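**Q** Here you go, one structure.
The values are calculated or read from the model by the stated rules, or taken from the named source; none is laboratory data. Remember, predicted model here, so these are calculated numbers, not experimental data. Quick reminder, even Gly has a Cβ in these numbers, built from the backbone with ideal geometry, and neighbours come from all protein chains shown. Areas reflect the complete protein model, heavy atoms only, side chains present, ligands, DNA and RNA absent. Shrake-Rupley method; radii C 1.70, N 1.55, O 1.52, S 1.80 Å.
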Amino acid sequence: MLRYALARSGADSALVALLRRDAMVYAGYSAGPCVLAPSLRGLEYCDFPQHVTDVWGDQPVWEGLGILSHAFVPHVDSPGHFETEACGIVAEHYRATGTAHRTLRDGQVLVVNGDEERII
């Protein structure tokens, strides 16, 4: 839903342009960083792409913003979070298919500064 809303509003182009110029800081939780990946394929194991069709009558946008060079999987090994099991399935799918990805549990942060990435 978030990726579709970004595309529909044109915010996706604006965000990418600002981030590539290093003119803003982007912070997000859950789906927020997921949209920064090259693709959203695989996330259908924890989200429901059909919601885009149900709400907007359109197809989901599977292309990510391409800011990250890898997929992003939140809530992995996060006891008490309702999506932790589903996100674990996404991470396993990425491992099985050789898809580059980063997993974060709740409370961790991925910080990207130029070419440097670190989890804190």
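**Q** Just give me the residues in the stretch 57-83 being more than 15 Å from the chain's Cα centre (by Cα) and either closer than 19 Å to residue 32 by Cα or not polar (S, T, N, Q) (or both), in sequence order.
**A** The answer is 57, 58, 77, 78, 79, 80, 81, 82.
**Q** Turning to a different aspect of this structure: In the stretch 87-107, what residues are surrounded by fewer than 18 Cβ atoms within 10 Å (Cβ to Cβ) and in a helix (DSSP H, G or I)?
**A** Scanning the stretch 87-107 gives 89, 92, 95, 96, 97.
**Q** Please go through the stretch 57-73 and pick out each residue that is open to solvent by less than 30 Å² (accessible area, probe 1.4 Å) and not in a loop (DSSP other than H, G, I, E, B).
**A** 71, 72, 73
**Q** Can you tell me which residues in the stretch 67-106 are of a type in the set (A, V, I, L, M) and touching a Lys or Arg at 6+ places or on another chain (Cβ under 9 Å)?
**A** Result: 67, 68, 71, 73, 76.
**Q** Additional query: Could you pull out the residue among 23, 5, 17 that is open to solvent by 40 Å² or more (accessible area, probe 1.4 Å), assigned to a loop (DSSP other than H, G, I, E, B) and closer than 29 Å to residue 115 by Cα?
**A** Answer to the check: 23.
**Q** Something else about it: List the pairs whose first member sits in the stretch 28-56 and is part of a helix (DSSP H, G or I), whose second member is of a type in the set (Val, Ile, Thr) and open to solvent by 20 Å² or more (accessible area, probe 1.4 Å), and whose Cβ atoms are under 7 Å apart, counting only residues at least 6 apart or on separate chains?
**A** Here the result reads 45/89, each pair linking the stretch 28-56 to a residue that is of a type in the set (Val, Ile, Thr) and open to solvent by 20 Å² or more (accessible area, probe 1.4 Å).
**Q** Does residue 112 satisfy the criteria of being in contact (Cβ under 8 Å) with a residue 12 or more places away in the chain, out of contact with any helix residue (DSSP H, G or I) (no Cβ under 6 Å at 6 or more places or on another chain) and part of a helix (DSSP H, G or I)?
**A** no
**Q** Tell me which of these residue 43 doesn't satisfy, since it passes every other one: (1) touching a His at 6+ places or on another chain (Cβ under 9 Å); (2) surrounded by 14 or more Cβ atoms within 10 Å (Cβ to Cβ).
**A** The single condition residue 43 does not satisfy is (1).
**Q** Here is a follow-up. Does at least one position in the stretch 74-84 carry a residue that is closer than 23 Å to residue 101 by Cα, in a helix (DSSP H, G or I), at pLDDT 95 or above and open to solvent by 20 Å² or more (accessible area, probe 1.4 Å)?
**A** Within the stretch 74-84, one or more residues are closer than 23 Å to residue 101 by Cα, in a helix (DSSP H, G or I), at pLDDT 95 or above and open to solvent by 20 Å² or more (accessible area, probe 1.4 Å).
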